[in-house]
């Protein structure tokens, strides 16, 4: 219990200063909002409402590539909100040439601020930081009924090379073998599905989050798990007809071993060597820590020695 003497000594000052308790109707102390707006319905308690945190990003002010799958705020059609790397916002029906601008964006040009406010709210709900947000969508982690081939148009929702440190994966054919680093690039398609494509590290480091892309790939099973390898990867720049193209892996990448030539079945052990060529489990174990060139040189020496011994014994 509070001592009564404290209140009696400060009684006069308490009459002049609000103590955030039983606010008068004309109180403007600011606790709980302007006046006593934050008080309870009974008027007995005052609550302080902390101001909303200031947002560090602004769609129109900032530059840098940004893509977001949303619905048109005028007609409700599914569209892509896109900001180019130099700034400037627009709604596209598709993120690729010929870059069809959504008709409502032009028809309602005087009311674009309303739409931008809606996109800002959606991005804030996705915890957008000004550089990145985690897209919420369906995930495709196994092939569908159409087969192992995949074709996707959309944007990069998460490039795992951009993490610190980068999230590298290695796919050796044997536990002791060396392999080239592979990076997962998650692509959000136009039908709101995320596809986890895998590309060599050298390709991944040239791709940014939110880049508009067209990707083709093929599902392969490795050690009981499905892996989606990108066979064609194109990055588009808004408004440009020509993109930047890569062929990360051959169309039929996992068919035969690049060293011994044996055709592999789905259940066979396989992996990627340091040059991203496919090798069988036997060649991977034999190669060990050697590079691809060193292993090929060793194989040639073994073949020559075997032929020499064959001729000598004949």
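The values are calculated or read from the model by the stated rules, or taken from the named source; none is laboratory data. Small disclaimer: the values here were computed from a predicted structure and weren't measured. Cβ coordinates were reconstructed from backbone atoms using ideal geometry, including for glycine residues, and neighbour counts include every protein chain displayed.
Worth a mention:
- Among the conditions (1) within 21 Å of the chain's Cα centre (by Cα); (2) surrounded by 18 or more Cβ atoms within 10 Å (Cβ to Cβ), residue 244 misses just one, which is (2).
- Selection from the stretch 165-183 of residues that are part of a strand (DSSP E or B) and surrounded by fewer than 19 Cβ atoms within 10 Å (Cβ to Cβ): 168, 169, 170, 181
Condition check ((1) more than 29 Å from residue 242 (Cβ to Cβ); (2) under 15 Å from the mean Cα position of the chain (by Cα); (3) assigned by TED's automatic domain parsing to the domain that holds residue 244; (4) without any contact (Cβ under 8 Å) to a residue 40 or more places away in the chain) across all residues:
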{"residue": "86", "(1), (2), (3), (4)": "no, no, no, yes"}
{"residue": "98", "(1), (2), (3), (4)": "no, no, no, no"}
{"residue": "108", "(1), (2), (3), (4)": "yes, no, no, yes"}
{"residue": "150", "(1), (2), (3), (4)": "no, no, yes, no"}
{"residue": "155", "(1), (2), (3), (4)": "no, yes, yes, no"}
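- Conditions (1) in contact with a strand residue (DSSP E or B) (Cβ under 9 Å, 6 or more places away or on another chain); (2) surrounded by 15 or more Cβ atoms within 10 Å (Cβ to Cβ); number of the one not met by residue 162: (1)
- Residue that is surrounded by the most Cβ atoms within 10 Å (Cβ to Cβ), among those in the stretch 64-84 that are free of Cβ contacts under 8 Å to residues at least 40 places away in the same chain and out of contact with any strand residue (DSSP E or B) (no Cβ under 9 Å at 6 or more places or on another chain): 75
- Test: residue in the stretch 255-263 that is assigned by TED's automatic domain parsing to the domain that holds residue 204, surrounded by 10 or more Cβ atoms within 10 Å (Cβ to Cβ), in a loop (DSSP other than H, G, I, E, B) and modelled with pLDDT under 85: yes
- Considering the conditions (1) under 21 Å from residue 168 (Cβ atoms); (2) in contact (Cβ under 8 Å) with a residue 40 or more places away in the chain, residue 231 is excluded by exactly one of them, (2).
- Extreme residue, nearest to residue 200 (Cα to Cα), among residues of the stretch 278-298 that are free of Cβ contacts under 8 Å to residues at least 60 places away in the same chain and surrounded by fewer than 16 Cβ atoms within 10 Å (Cβ to Cβ): 293
- Filtered residues of the stretch 269-289 (kept if touching a helix residue (DSSP H, G or I) at 6+ places or on another chain (Cβ under 7 Å) and part of a loop (DSSP other than H, G, I, E, B)): 269, 273, 274, 275, 277
- Conditions (1) surrounded by 16 or more Cβ atoms within 10 Å (Cβ to Cβ); (2) part of a loop (DSSP other than H, G, I, E, B): number failed by residue 134: (1)
- Hits in the stretch 194-221 - residues which are surrounded by fewer than 19 Cβ atoms within 10 Å (Cβ to Cβ), over 12 Å from the mean Cα position of the chain (by Cα) and under 20 Å from residue 81 (Cβ atoms): none
- Just one of (1) modelled with pLDDT under 90; (2) within 26 Å of residue 257 (Cα to Cα) fails for residue 201. It is (1).
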